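First comes the structure, then the notes that go with it.
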Amino acid sequence: MKFDNINLNEIKKLQTEIKDIFAKEEAEKYFAWYKDNYEKLNYIYNLLEVDEEKELYVKTVYTKLVGHTNISEKEKQKYLLSREQFDKLLVDDSIRKLNSVTRKLKFYDLKNFGYDLKLYGARALLDKLVVHNQYSHKNCRIYDGDYIIDGGGCWGDTALIFAEKAGKKGKVFTFEFFEDNLKILKENFSLNQNTSKKVVLIEKPLYNNSNKVLYLNHACADITTLTENKNNLQKYKSVSIDDFVEESKIEKIDFIKLDIEGSELAALDGAKKTIEKYKPKLAIAAYHKYDDYYEIPKFINELNLGYKFYFASYTPAGTDTVIYAK
């Protein structure tokens with residue numbers, strides 16, 4: 001399947017079958033963008049190394065256009081069952097409440113997946129991270145001894161899992177700034193002290209430049225966004241990866257993961273020197289903005305460092321997509 005095979009008239013017809021009003025509205029918005037920009041999407045299609053991933057990439061775009069009407073019941077049930085089974089890993093019935101949302105975090109034991117970790121988290125997110133290895137690709141993964149940038153630390157689960165994968169000689173630098181998240185993150189680090197001692201926490205948001213004042217735009221625990229425009233009293237000073245690496249005298253960077261709610265491209269721009277110097281493996285979330293599928297791989301590719309590109313999606317709905325580069 002290629003983008004040229006997508007029939008816009010068929011898409012419009014399928015959109016009339018969308019029952020959920022919010023899914024319908026989002027599909028129509030994406031359709032309007034797609035009509036004017038679909039040629040951009042061929043950019044990453046032509047870069048991808050694996051034919052099956054090219055197919056998945058087009059299917060992901062198609063799914064967004066039709067408001068998930070093409071997802072089979074079998075796919076839905078498989079996804080939901082995976083999440084339901086994850087609750088069998090519960091250590092006990094204790095929970096942690098978040099101030100920013102009604103979501104409650106449960107206490108999980110991850111030993112069945114090879115991690116000596118017990119932590120508070122959300123099953124849907126841990127399922128993708130632990131069962132389906134989000135941010136890890138067979139051609140782009142963390143190895144023993146790797147030094148890792150974890151952009152978007154949230155509750156500390158990614159940092160702790162990365163630290164275990166990186167082994168005794170590895171190091172994780174995790175960036176998180178939102179107070180509600182930091183409270184859980186620090187508790188999870190305290191619960192896993194042998195692993196968390198390999199993690200350095202930086203309580204600042206990543207951006208293209210350091211010391212830029214950013215204002216809180218939206219706070220919803222695992223979905224926290226910032227803006228350069230003042231529309232909230234809460235403000236934070238940014239840091240760039242390049243400045244952090246240089247000022248902290250980090251000897252190398254082997255892997256960069258970014259899932260920072262739409263600021264991924266800005267953070268990559270602020271990591272240009274680091275990427276050019278060390279050519280780290282990259283795992284970049286590419287679903288927060290419509291242009292991500294174009295702008296992110298374009299930025300990386302135009303550094304002319306010989307990166308090869310890979311693609312994965314971690315929900316049937318085509319969200320939680322990641323572009324990998326190695």
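The values are calculated or read from the model by the stated rules, or taken from the named source; none is laboratory data. These figures come from a predicted structure and were not determined experimentally. Note that we place each Cβ from the backbone using ideal geometry, even for glycine, and neighbour counts take in every protein chain shown.
Looking only at residues of the stretch 103-139 that are under 22 Å from the mean Cα position of the chain (by Cα) and among the polar types (S, T, N, Q), we find that the one that is farthest from ASP150 (Cα to Cα) is ASN139. For the stretch 151-193, the set of residues classified as charged (D, E, K, R) and surrounded by fewer than 24 Cβ atoms within 10 Å (Cβ to Cβ) consists of GLU164, LYS165, LYS168, LYS169, LYS171, GLU179, ASP180, LYS183, LYS186, GLU187, listed by residue number. The residue that is modelled with the highest pLDDT, among those in the stretch 1-13 that are within 16 Å of LEU41 (Cβ to Cβ) and among the polar types (S, T, N, Q), is ASN7. Looking at the stretch 167-266, the strands (runs of 3 or more DSSP E) lying wholly inside it that each contain 3 or more residues that are among the hydroxyl-bearing types (Ser, Thr, Tyr), closer than 29 Å to ASP291 by Cα and modelled with pLDDT under 95 sit at 223-227. Inside the stretch 18-41, can you point out the residues that are of a type in the set (Gly, Ala, Ser) and within 16 Å of HIS288 (Cα to Cα)? Listed by number, the residues that qualify are ALA23, ALA27.
I'd like the full set of residues that are in contact with a Leu (Cβ under 6 Å, 6 or more places away or on another chain) and under 20 Å from ALA325 (Cα atoms), limited to the stretch 133-173. Residue satisfying the conditions is GLY151 alone. Every test in (1) more than 25 Å from LYS308 (Cβ to Cβ); (2) at pLDDT 95 or above; (3) among the β-branched types (Val, Ile, Thr) is passed by THR16 save one, and that test is (2). Just checking, which of LYS308, LYS281 is over 17 Å from the mean Cα position of the chain (by Cα) and either farther than 26 Å from GLU246 by Cα or touching a residue at least 24 places away in the same chain (Cβ under 8 Å) (or both)? Just one listed residue meets the conditions, LYS308.
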